[in-house]
Ligand code: FCB
């Protein structure tokens, strides 16, 4: 069992979750800095002020990545570290930091994959209306231009925006993430439109100005319904449900991906919310739909469906005692089969798994090691399904485990540990977990050390909720 030659093996992080150094390089505040200072917003009152002190320790962190054998590292750039006020003046010291990080990675033989926006929106721009301001798309493009001018002689892999569903949904609709707003749907419609325009302008800016040939994608959350049985009718019903918009919220795929990749808004949006789109939205679709080289998918868990009345997918009964992560997220490894397959069929773009991983209850054992067999098992199962998708003809270019380091998990503070590398937040000591060593072997052997799905079917079948049919090789 092995992955295609050239398959990219990586791990990811994001700026606010690991960098710390919030006053270094003339960095301006982001909405997350402000949100963390609002009492009651973040568990234990945690903040990203120090996080993993990555700005102070990035060289050691790159050395760890090298030791692990990572081929690629996905990180994000903090917009307010590059432009303290979000627009206008550029911080030379901020750009110089990312220069050094990129050079360090390249020196270690690791390919940088740069995300331009992973939620740390400049507070100064928020005060000017944030994503509701029609200028927000050009502010983002201006920032993108500064980064591209500086890094694109060495960086060619770009992700414009991470998980628009989450920072719009949690940040602007339900309010548990920064900036903590509860806006009504008409305003959410305008925000989504501005974010889509921001993506388009940034993608165009990269394409037109990059000094080395760019590879451009974005990284929405993949919200996947998987068929419980490997049955054509059930598969089709699951696909339809995966791309349907059933509720008036942002937790769907097509509101975001159809404009970006197909150049159209889904009919469900136009007929229910279309009246809230700003004038000229049809013309904007030309900006929004830029040529893209890959579709990033952040996939952690999926829902399982079965055939209901009228050949429509209905949620499968949840198993009692189902497998869950420390966060309480369901473990549904087949999401790495159906997700790539459904999205590749619909959008015809190479898929990259830009995030996948789990929060686990990790601690340092008496022997000094961090044993995390659950992370190894979770990842092995997901990779088996991913390989099966590749075997079935889905073009998948790479896999980025979330995350390289334990880090600041947004509203959860430091409670949820997602890292391959353990971080002692009191001392900043790093300890590669057993999963990091295992992942090194996956990378070294290009997946040959993973048991083939068919042969491992016994163990796959024992995971509650997985049906034998799903284990079909
Ligand atoms: C995703 C985010 C990432 C991290 C993981 C666990 O939604 O993109 O920053 O929080 O979840």
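FYI, it's all coordinate maths here, none of it is from the lab. What you are looking at is a predicted structure, and each value in this text was computed from that prediction instead of being measured. As a convention, Cβ positions derive from the backbone with ideal geometry for all residues, glycine included, and neighbour counts pool all protein chains shown.
Tabulated results
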| item | result |
| --- | --- |
| Between segment 401-441 and segment 4-74, the Cα center-to-center distance that results, in Å | 11 Å |
| Net length gained if the chain between residue 128 and residue 311 were fully extended (0.36 nm per residue, minus Cα distance) | 61.0 nm |
| Spin-label proximity, residue 444 to segment 377-412 - amide N less than 18 Å from point 7 Å beyond Cα toward beta carbon | 380 |
| Exposure proxy order (Cβ contacts within 10 Å, fewest to most) of 160, 325 | 325, 160 |
| Computed [θ] at 222 nm, helices only, for the chain once each DSSP H run of length n ≥ 4 contributes -39500 (n - 2.57) | -11000 deg cm²/dmol |
| Fraction of alpha-carbon pairs over 40 Å apart in the chain - percent | 15 percent |
| For segment 327-381, alpha-carbon Rg over 2.2 N^0.38 Å | 1.52 |
| Inter-site label distance for residue 135 and residue 213 at 7 Å from Cα along Cβ, in nm | 3.8 nm |
| Relative exposure of 207, 375, judged by other C-beta atoms within 10 Å (fewest first) | 207, 375 |
| Interatomic Cα distance distribution for segment 107-255, bins of 5 angstrom, percent | 2, 9, 16, 18, 16, 13, 11, 8, 4, 2, 0 |
| Beta bridge orientation in the chain: antiparallel %, DSSP, nearest 5 | 25 percent |
| Ranked packing of 138-148, 421-431, most packed first, by mean Cβ within 10 Å | 138-148, 421-431 |
| Length gained when the stretch residue 319-residue 63 is fully extended (0.36 nm per residue, less Cα-Cα span) | 87.9 nm |
| Stretchable slack from residue 99 to residue 34, in nm (0.36 nm times residue separation minus alpha-carbon distance) | 20.7 nm |
| Rounded if a/c under 1.5, otherwise prolate or oblate - segment 1-144, Cα gyration tensor axes | prolate |
| Residues 185, 68, 83, sorted so that the one with the fewest Cβ neighbours within 10 Å comes first | 185, 68, 83 |
| Peptide ranges 95-104, 166-175 listed from the most packed, as the mean C-beta count within 10 angstrom indicates | 166-175, 95-104 |
| Inter-part distance where segment 235-276 and segment 314-364 are each reduced to a Cα centre, Å | 20 Å |
